[in-house]
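No value in this document is a laboratory result; all are computed from the given coordinates. Predicted model, so just to flag it, every value in this text is computed and none were measured. Cβ atoms come from the backbone with ideal geometry, glycine included; neighbour counts cover every protein chain shown.
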Amino acid sequence: MDIQQLLISRPGVLSDPEWIALESIREQTSRFVFDDSMLHLLEDRGLVETAGPRWRVTESGQRRLDERAC
């Protein structure tokens, strides 16, 4: 499946797959269900960044997660 099909066209809104991916990264899930294209998409949007061999949620990504939880 093309990753673009999983997105919402409004840049300020997280799609369910984006939210799940961010939650997985934040919780350092050992089994990430998405491929690298999702990580790079989130990186392009400024929601995650690399931290050596791992990925971490940026402040912007954390804000988006917090906003969605409300």
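If you stretched the chain out fully between Arg26 and Val13, how much longer would it get, using 0.36 nm times the residue separation minus the C-alpha to C-alpha distance?
Extending this stretch completely gives an extra 2.9 nm.
Average projected area of the Cα convex hull of region 18-70, in nm²?
Average projection, Cα convex hull of region 18-70: 3.4 nm².
So, with +1 on the Cβ of K and R and -1 on the Cβ of D and E, and no other charges, what is the size of the charge dipole of region 16-69 about its Cα centre, to the nearest 20 debye?
The calculated dipole for region 16-69 is roughly 160 debye.
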